[in-house]
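Structure first, then comments.
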């Protein structure tokens, strides 16, 4: 969430920024926040004042008793105070609940380059890279190619688990591991610290990284437990520094991790066909940075370069797309997707997302930095997928398919797989 102090001190700036989204409900939430926040702080003063008076009256009663004087006049005042305090506290609690509700609706201020749009169809293409492959034969989609080679089984996975799962076999399973190992080596060489976090996470950590809508549509909750399966290792990495105060000299902290991830995929997409593109379970290598606010956009550019360099090394043609206001989650200030060319659909499909969340996530988990002069402020957090292997496999299989039904292996993966062609 946005830091309350930041909201109070930047109302005009936030109103201007929120107007760019053209959503009156956000502006109403901001107005409600300002009113409720003022009322709550006023109530706190009133409650504190009542408690002070109660203590003063108690002291006066004790003094009069010692002096053998009547305490009747003061006793009436003392007895009336608890009811007044209780009423104020109830009012305070109700207003706090309402404040929390409107607070959660306030989005991150956006980067100045984010353009207005209603949904992902209005996202802005920033660049294209790579040569679109030309084929002198009738191309097939990844499902046909892989089933013909006997490298995947969607029927048995549907029997085992239902739609949205897969069984990889032989060289395809090994290619999946080759991509993972290459990604780990790639990020390690760039000086990021490798971590392997738990695959389950507590809800309070999770809600620092997403909202209720995203939770309902994507997260598997464990029945009877305060735990959920992770949808991305971004979430547990974010939680690594919960309530930490990090010395300025120890920033930025750069992490990357490999985990399996689990997503419901409920909503506008859903899972209604077999294949590797949209699945409930997948393997992913994630990048994550904690940094000083003044280094935030520098780190954003670094993460963008990492992802471009990675997919350029795989020789997968792609484009970069910047999310418009209507496609930008409330906790993100800017998001850039890398989309791979799919010859079978003759269109680009999302492979990775890069996001700068500014201090929005850090506020919820109390992650701060300590400046050299002793002052403290919230850190900024950024995340970026290095690679989700299931979608990378689709891009490789469809772009590197050969006339005889085989698949050419990207050069950088040959040493990991031990062969140049999958037959």
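Legend: ranking of residues 17, 250, 244 from fewest to most surrounding C-beta atoms inside 10 Å; resulting order 250, 244, 17.
The angle between the Cα long axis of helix 170-189 and the longest principal axis of the Cα atoms of the chain comes to about 50 degrees, rounded to the nearest 10. Multiplying each eigenvalue of the alpha-carbon gyration tensor of the chain by 5 and taking the square root yields semi-axes of 54, 22, 21 Å, largest first, rounded to whole angstroms. Mind giving me the FRET efficiency for residue 181 and residue 347? R0 is 35 Å, r the Cβ-Cβ distance, nearest 0.05 is fine. Efficiency, from the Cβ-Cβ distance: 0.70. Take the Cα radius of gyration of the stretch 15-136 and divide it by 2.2 N^0.38 Å, N being the number of residues; the result is 2.09.
Could you line up 235, 280 from fewest to most neighbouring Cβ atoms inside 10 Å?
In increasing order of surrounding Cβ atoms, one gets 280, 235.
With all pairs of different alpha carbon atoms counted, what Kirkwood hydrodynamic radius in Å does the stretch 167-302 show?
Numbers: mean 1/r = 0.0597 Å⁻¹.
Here the Kirkwood hydrodynamic radius works out to 16.7 Å.
The length gained on full extension between residue 190 and residue 42, counted as 0.36 nm times the residue separation minus their Cα-Cα distance, comes to 48.2 nm.
Our helix-only sum for the chain, with -39,500 (n - 2.57) per DSSP H run of n ≥ 4 divided by its residues, gives a mean residue ellipticity at 222 nm of -13500 deg cm²/dmol.
Comparing 304, 240, 75 in a Gaussian network model of the chain, where Cα atoms under 10 Å apart are tied by springs, the biggest mean-square fluctuation is seen for 75. Taking the 0 to 90 degree range and rounding to the nearest ten, how far is the long axis of helix 72-103 tilted relative to the main principal axis of the chain, both from C-alpha atoms? The two axes meet at around 20 degrees. Gain on full extension, evaluated as 0.36 nm per residue between residue 220 and residue 6 minus their Cα-Cα distance, stands at 73.7 nm. Considering every pair of different Cα atoms, what Kirkwood radius, in Å, is found for the stretch 90-171? After inverting the mean inverse Cα-Cα distance, the result is 19.4 Å. Report the Cα centroid-to-centroid distance between the stretch 372-390 and the stretch 106-161 in angstrom, as an integer. Here the two parts' Cα centres lie 26 Å apart. Residue 25 label point, 7 Å along Cα→Cβ, cut-off 15 Å on backbone N: hits in the stretch 95-124? Only 101-107, 119 fall inside the zone, counting backbone N under 15 Å.
Extending 7 Å from Cα along the Cβ direction at residue 66 and again at residue 84 yields two label points whose distance is 2.5 nm.
Listing 369, 14 from fewest to most neighbouring C-beta atoms within 10 Å gives 14, 369.
Bear in mind that the values in this text are calculations on the coordinates, not laboratory data. This is a predicted model, so every value here is computed, not measured. Note that we place each Cβ from the backbone using ideal geometry, even for glycine, and neighbour counts take in every protein chain shown.
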